[in-house]
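Visitor: Pasting a structure here, questions to come.
The values are calculated or read from the model by the stated rules, or taken from the named source; none is laboratory data. Being a predicted model, the structure only gives us computed values, none of them experimental. A quick note on method: Cβ atoms are made from the backbone with ideal geometry, for glycine too, and the neighbour counts reach across all protein chains shown. The protein model used for the area step is the full one, side chains on, heavy atoms only, and it has no ligands, DNA or RNA in it. Shrake-Rupley method; radii C 1.70, N 1.55, O 1.52, S 1.80 Å.
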Amino acid sequence: MKQKYSLAALLVGTLALAGCAGFDATSGGDNANEPLENTYWKLVLVGERQAVTIDEAREAHLVLHSEDAHLSGSTGCNRMMGDYERDGDRLTFGQLATTMMACPGEVMELEREFLDALGDITSWQVEGENLTLVGEEGEALARFEAVHLQ
């Protein structure tokens, strides 16, 4: 009888260890932060304004390319490109260039607010799959979510 309990305890212990071995706290699992650079960041909010997407246009997004400190993306209407500077949690954007297409009023308003916000960014925070671009006063100017392209 003692042997049955010992075997059962050994089996339970082995399963418990196997379960723990499957969990790697260093990999972060679902809690891992996306990298700021080389990630496709979809715009969710600019200030309090919800990002809008129209059928004929790309969603508003940005990608910070680390190899040449270059930004590319879309305002939701026009393509944008430019340079950025990153020093730790400090982030600033140089002059940005955009194409010059016209879009419906709500999308053009979002574009203007998005570009204005990028000009006022001083720092950034990534939590999981969410990026917040922060202004000088510590206020959230724009929020994004990571999109994994396939």
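Visitor: Along the Cα-to-Cβ line of Glu139, 7 Å from the Cα, sits a label point; which residues in the range 31-49 have backbone N less than 16 Å from it?
Guide: Output list for this probe position: 45-49.
Visitor: Then there's this: Within the accessible area of the range 56-150, what % is carbon and sulfur when the probe is 1.4 Å and the other protein chains stay in place?
Guide: Carbon and sulfur: 45 percent of the exposed surface of the range 56-150.
Visitor: Follow-up question, since we're still on this one. Apply 1/(1 + (r/R0)^6) to the Cβ-Cβ distance of Glu56 and Gln95, taking R0 = 30 Å, and write down the FRET efficiency to the nearest 0.05.
Guide: The calculated FRET efficiency here is 0.65.
Visitor: Report, by chain and number, residues whose modeled amide H sits under 5 Å from the one on Ala60, excluding near sequence neighbours (fewer than 5 apart, same chain).
Guide: Residues meeting the criterion, in which the H sits 1.01 Å from N, are Leu43, Gly76.
Visitor: Okay, moving on. Search the structure for amide H atoms under 5 Å from the amide H of Arg79, placed 1.01 Å from N in the peptide plane, and list their residues when 5 or more places away or on another chain.
Guide: Counting only residues 5 or more places away or on other chains, the set is Thr99.
Visitor: Convert each backbone phi in the range 53-63 into a coupling constant with the Karplus relation 6.51 cos²θ - 1.76 cosθ + 1.60 (shift: θ = phi - 60°), then list the ³J(HN,Hα) values in order as whole Hz, x for Gly and Pro.
Guide: 10, 10, 4, 7, 10, 6, 6, 5, 7, 8, 9
Visitor: What is the magnitude of the charge dipole of the range 35-150 about its Cα centre, with +1 placed on the Cβ of each Lys and Arg, -1 on the Cβ of each Asp and Glu, and no other charges, expressed in debye to the nearest 20?
Guide: About 260 debye.
Visitor: Test of understanding: what is the full-extension gain from Asp116 to Glu48, defined as 0.36 nm times their sequence separation minus their Cα-Cα distance? Mind dumping the intermediate values first?
Guide: Working: separation 68, 0.36 × 68 = 24.48 nm, distance 1.38 nm.
Taking 0.36 nm per residue and subtracting the Cα distance, the gain is 23.1 nm.
Visitor: With θ set to phi - 60°, apply the Karplus curve 6.51 cos²θ - 1.76 cosθ + 1.60 along the range 42-52 and write out the HN-Hα couplings as whole Hz, x wherever there is a Gly or Pro.
Guide: 7, 5, 10, 9, 10, x, 9, 7, 6, 5, 10
Visitor: Which shape class applies to the range 31-83: rounded if a/c is under 1.5, otherwise prolate when a/b exceeds b/c and oblate if not, where a ≥ b ≥ c are the square roots of the Cα gyration tensor eigenvalues?
Guide: oblate
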